[in-house]
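Colleague: This is the structure I have questions about; it appears just below.
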Amino acid sequence: MIGVSDGVAFLIGVAVGAAGQYFADKYTDQRRRQEQSHDEARRFREVARKVSKLIVEMAADATGPNAEHVRDLVLMPSKGAIYNSGGRNVFVYYEEDHPNLRGQFAILENSGYVVDVTPGNAPTFRPTEEFVQYLRGFRASDLIRN
């Protein structure tokens, strides 16, 4: 016959086992999130190294005054070209300032940081919110870290 003390010991054992599993899952998930965040930051640094001059300019734009809600990035051949934004605020990047600018944006697009939303003739991209946050936290010293 099972006594009261055996029943209590069983219940305590079940509670300890459940608590152990809960904390194991909790800390495993936390570790995975930290690893994922670290991997994403490393991936951003790798991309930033490939297009460093462009990233420096984009980071300056993203942290500038009135930049909080600007989400269109327009590529133009030169500063003499005319673009009608329809009254929207946009950031403009010039091919004369960045060799192979379209190729650099292809790298950003392939990495999932921008999406092509071209409505007409001028190539137009929209950055992901994750990318905007990376740009706002970007420092040029990030390019030399591993």
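Condition check ((1) modelled with pLDDT under 90; (2) over 20 Å from Asn110 (Cβ atoms)) across all residues:
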residue: Gln30; (1), (2): yes, yes
residue: Arg45; (1), (2): no, no
residue: Met58; (1), (2): no, no
residue: Asn66; (1), (2): yes, yes
residue: Lys79; (1), (2): no, yes
residue: Val90; (1), (2): no, yes
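Colleague: Can I ask one more? Please indicate, with yes or no, whether at least one residue in the stretch 100-120 is surrounded by fewer than 14 Cβ atoms within 10 Å (Cβ to Cβ) and under 21 Å from Arg139 (Cα atoms).
Modeller: Looking for residues that are surrounded by fewer than 14 Cβ atoms within 10 Å (Cβ to Cβ) and under 21 Å from Arg139 (Cα atoms), one finds at least one in the stretch 100-120, hence yes.
Colleague: Quick check, is Asp61 within 22 Å of Arg139 (Cα to Cα) and touching a strand residue (DSSP E or B) at 6+ places or on another chain (Cβ under 6 Å)?
Modeller: Judged against the criteria, Asp61 is a match.
Colleague: Moving to a separate point now. When you scan the stretch 106-129, how many residues do you find that are under 15 Å from the mean Cα position of the chain (by Cα) and free of Cβ contacts under 8 Å to residues at least 40 places away in the same chain?
Modeller: 6
Colleague: Regarding the stretch 75-86, can at least one residue be identified that is surrounded by 15 or more Cβ atoms within 10 Å (Cβ to Cβ), more than 14 Å from Asn121 (Cβ to Cβ) and among the aliphatic types (A, V, I, L, M)? Show your work before the answer.
Modeller: Looking only at the stretch 75-86, we keep the residues that are surrounded by 15 or more Cβ atoms within 10 Å (Cβ to Cβ), and these are 75-76.
When the remaining residues are screened for being more than 14 Å from Asn121 (Cβ to Cβ), the result is none.
Checking the stretch 75-86: not a single residue is surrounded by 15 or more Cβ atoms within 10 Å (Cβ to Cβ), more than 14 Å from Asn121 (Cβ to Cβ) and among the aliphatic types (A, V, I, L, M).
Colleague: Ok, one more. Give me the residue from the stretch 32-43 that is at pLDDT 65 or above and of a type outside the set (Lys, Arg) and, out of that set, surrounded by the most Cβ atoms within 10 Å (Cβ to Cβ).
Modeller: First, the residues of the stretch 32-43 that are at pLDDT 65 or above: 38-43.
Applying the additional criterion that residues be of a type outside the set (Lys, Arg) yields 38-41.
Numbers: His38: 10, Asp39: 10, Glu40: 12, Ala41: 14.
The residue in question is Ala41.
The values are calculated or read from the model by the stated rules, or taken from the named source; none is laboratory data. Being a predicted model, the structure only gives us computed values, none of them experimental. Neighbour counts run over all protein chains shown; Cβ positions are idealised from the backbone, glycine included.
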